[in-house]
Amino acid sequence: WPAYYAKAKGCEVWDLDGNKYIDMSYMGIGACTLGYADDDVNAAVIEAVNNGSMSTLMVPEEVELAEMLLDLHPWAEQVRYAKGGGDAMAVAVRIARAATKKDKILFCGYHGWHDWYLSANLADDSALDGQLLPGLSPVGVARELQDTSYPFWYNKIEQFKKLVKEQEDDLAGVVLEAARNMTPEADFFATIEEECHRLNIPLIIDEVTSGFRMYCGGACEYFGIHPDMAVFAKGMANGYPVAAIIGKKKFMDAAQDSFISSTFWTERIGFAAAIATIKKYK
């Protein structure tokens, strides 16, 4: 396929020479579940732009989207926002460490580009191979972060239990994707939930890829998983940048104790797009 595009609409893409293609691949790397440039979502975005997409003040769409997310996920009580999935996962891990006053993270799956995740490859440069993308380089990640994040494999309960036993004194949380190219076997998530409850640490489900694609809400609801926190991005706003970290108050309150902030996390377009997208999914 061509490297650059001039126009994208529905499931069709035009290159710079005017050739038209049908996109039977990833639809914006999984973001445009409704198709490119959806008319209803675009209309909401245009209205947001015309009303001013940025101000020092906050927009009511923040609250409206939060209420929609908590309605879809009744187990959650609070919401934080970011603009991308990797950023939002870093926020979730920061909150977990702030809430537990511990450092180490167990994870399964692909969770972005931030230091907390890539640090797994400091001890073993193939530790992340098989999670999704092999050969992720930790160049530029501080060596002192070595042995702060440990991978385990999907559906491998005994491997998970062994890691918990080795690291439980300093475990801040468990992070994993609900599903990607496999579905959970019996007792996989139940075992993880049980261990997290025993250690009083959060189970953080990465729904960046699965959320609003497998189900209107997330794979947690689809599979009956009971997280303490969950992270959404990609398909939540059909191609417009916004991400959400939702969770239980007992952990999310710790976000107030740590400096977690960005100018554009309260920008209006993403919220407007997400509201319109979720309404259309429903």
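Here are the numbers for this structure:
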| read-out | value |
| --- | --- |
| HN-Hα J in Hz across segment 146-162 - Karplus 6.51, -1.76, 1.60, θ = phi - 60°, x for Gly and Pro | 4, 6, 10, 9, 10, x, 9, 9, 4, 6, 9, 5, 5, 5, 4, 4, 5 |
| Mean separation of Cα contacts under 8 Å (6+ apart) over length of the chain, as relative contact order % | 27 |
| Segment 39-56 - phi-based ³J(HN,Hα) in whole Hz, Karplus 6.51/-1.76/1.60, Gly and Pro as x | 4, 5, 5, 4, 4, 5, 5, 4, 4, 5, 5, 5, 8, x, 8, 9, 7, 5 |
| Solvent-accessible surface (1.4 angstrom probe) belonging to residue 54, in square angstrom, nearest 10 | 80 |
| Point-to-point label distance, residue 29-residue 187, nm (Cα→Cβ direction, 7 Å offset) | 3.8 |
| Additional length obtainable on full extension of the chain from residue 3 to residue 71, 0.36 nm per residue less Cα span | 20.5 nm |
| Largest-first ordering by accessible area, 1.4 Å probe, given options 97, 213 | 213, 97 |
| Within segment 1-77, chymotrypsin sites (Phe, Trp or Tyr not before Pro) in DSSP loop having at most 10 other beta-carbon neighbours inside 10 Å | 4, 26 |
| Accessible surface of segment 77-201, 1.4 Å probe, proportion on carbon and sulfur as whole % | 49 |
| Inter-probe distance in nm under a simple model that places probes 7 Å from Cα toward Cβ, at residue 11 and residue 259 | 4.9 |
| Calculated [θ] (222 nm, deg cm²/dmol) that DSSP helices of n ≥ 4 give over the chain, each run adding -39,500 (n - 2.57) | -9500 deg cm²/dmol |
| Mean Cα-pair separation over length for segment 33-171, i.e. relative contact order, pairs under 8 Å, 6 or more apart, % | 19 |
| Those chymotrypsin sites (Phe, Trp or Tyr not before Pro) in segment 83-127 that DSSP places in a loop and that have at most 16 other beta carbons within 10 Å | 113 |
| Net length gained if the chain between residue 54 and residue 170 were fully extended (0.36 nm per residue, minus Cα distance) | 37.7 nm |
| Hz values of 3J(HN,Hα) by residue in segment 17-27 - Karplus curve (6.51, -1.76, 1.60), Gly and Pro given as x | 9, x, 6, 9, 10, 9, 7, 10, 10, 9, 6 |
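The values are calculated or read from the model by the stated rules, or taken from the named source; none is laboratory data. Since the model is a prediction, treat every value here as computed from it, not as a measurement. With ideal geometry, Cβ positions are generated from the backbone for all residues, glycine too; neighbour counts draw on all protein chains shown. Surface accessibility is based on the protein's heavy atoms, side chains included, excluding ligands, DNA and RNA. Shrake-Rupley method; radii C 1.70, N 1.55, O 1.52, S 1.80 Å.
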